[in-house]
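Derivation of every value follows stated rules applied to the coordinates shown; laboratory data play no part. Quick caveat, the model's predicted, so the values are computed rather than measured. Please note: Cβ atoms are built from the backbone with ideal geometry, for glycine as well, and neighbour counts cover all protein chains shown.
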Amino acid sequence: MIEILGVSKSEFHSSYELKKEQDFFKGFRTFLGDIDFDPDDSEVWMFGKCDETDPKEMEGHKIIEGDWDITEYVDSHTFFKTDDVTVDVVFGKESIFVIIASKEDKQTEISDNILKFCAFKEKQ
């Protein structure tokens, strides 16, 4: 599971700081499908599978079988948008920031779905 490093919430926004790990791509694509993005949409399906850090500029780029090396994603930003939800993903050197804005309160749905592939570090 991807470690959650920080959370910030308001009525229409959720922000998560996640530890940067390779498993992020697969879990995040599933997360998008769980919050009503079309999992077969090319931008969702290709996220992390393109030979460029910006998966939206895929034309003429090589699609790779697995996920692209997440360490190649540094200081880059991408976003996904429906009529009701915008999800921004910002890659830092060691963290990933996921910022979700919605037109209505979706805190419970978003939190429940983030926790399917992320978790807080257990205290030792």
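Things worth noting here:
- Each Cα pair under 8 Å and six or more residues apart adds its separation to the average, and for segment 2-120 the resulting relative contact order is 32 percent.
- For I2, distant residues with modelled amide H under 5 Å away: C118, A119
- Most tightly packed first, judged by the mean number of other beta-carbon atoms within 10 Å of their residues, the peptides 83-92, 22-31 read 22-31, 83-92.
- Förster-model FRET efficiency, 35 Å R0, E72 and E122, C-beta, rounded to 0.05: 0.75
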